[in-house]
Amino acid sequence: MTQYGRALHELGIEILCANTPAAKGRVERAHGTLQDRLVKEMRLEGISTIADANAWIDGFVETYNARFSKPPSLPIDLHRPLMDFEDLDDTFTWQEQRSLSASLTLQYDNVLYLVDPSHENQRLAGKRVTVIDYPDGRIKIRHEGRDLAYREFDKLTQTHQGEVVSHKRLGAMLTFLAEKSTEGPQEKRSIKCPTPRTRPRTSCLFDLAPAVCRFRAD
């Protein structure tokens, strides 16, 4: 399941796929419009900055919808209010599953995370946990609804290992360093993860703006 599909599933939203050639054609025509006509109209308007594009886009969307939109076959507003148990800040994140090692460690985006070896956490060795990556750079490690305390060792920022790892867990740290040393000198962040360690972001992973699109530097 994709991140988009997971978010919709958590909100109880069904994905309606374009399962017919005609429906797929309409989607592709819309994509062609945004990739071709939109760029040409911006050029004709003399738009060359992100600020000018964002100021102009609402008028383009209104004109485009007036020309090409179709009335719904069922004119009923099916939007529902947000439930008390739904947390959009958690839903609109990048989430990946990881297995905790025997020493309660896991790797995510070239960072070694060391879960607090408390009595309650000791039973989680070998269990699957969820790494939740927020757009603002926060990382949470969660198991069955409970957030786990952790420390991190980031090799790419050259953190001194004595600052974050105890003698009892040195084996996992040395294994991590040995694996990374065989990968060559050109170590980089994952381009898949949305963390600001990869690139600065100024908005959410899922854009909730009412317009068709917004322009931003990243």
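The values are calculated or read from the model by the stated rules, or taken from the named source; none is laboratory data. This is a predicted model, so every value here is computed, not measured. Backbone-built Cβ (ideal geometry, glycine too); neighbour counts: all protein chains shown.
Conditions tested, residue by residue: (1) modelled with pLDDT of 90 or more; (2) of a type in the set (Asp, Glu); (3) farther than 25 Å from ALA7 by Cα.
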residue	(1), (2), (3)
PRO75	no, no, yes
TRP94	yes, no, no
SER101	yes, no, yes
LEU106	yes, no, no
ILE139	yes, no, no
GLU144	yes, yes, no
PHE153	no, no, yes
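Okay, residues lined up against (1) more than 30 Å from PHE85 (Cβ to Cβ); (2) surrounded by 10 or more Cβ atoms within 10 Å (Cβ to Cβ); (3) touching a Gly at 6+ places or on another chain (Cβ under 8 Å); (4) touching a residue at least 12 places away in the same chain (Cβ under 8 Å):
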residue: ARG6; (1), (2), (3), (4): no, yes, no, yes
residue: HIS9; (1), (2), (3), (4): no, yes, no, no
residue: ILE13; (1), (2), (3), (4): no, yes, no, no
residue: ALA18; (1), (2), (3), (4): yes, yes, no, no
residue: GLY25; (1), (2), (3), (4): yes, yes, no, no
residue: LEU44; (1), (2), (3), (4): yes, no, no, no
residue: TRP56; (1), (2), (3), (4): yes, yes, no, yes
residue: ALA66; (1), (2), (3), (4): yes, no, no, no
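Among the residues making up region 21-79, those that are hydrophobic (A, V, I, L, M, F, W, C) and outside any helix (DSSP H, G or I) are ILE47, LEU74, ILE76, LEU78.
Between LEU8, LEU16, the distinction of being assigned to a loop (DSSP other than H, G, I, E, B), under 30 Å from GLN97 (Cα atoms) and of a type outside the set (S, T, N, Q) belongs to LEU16 only.
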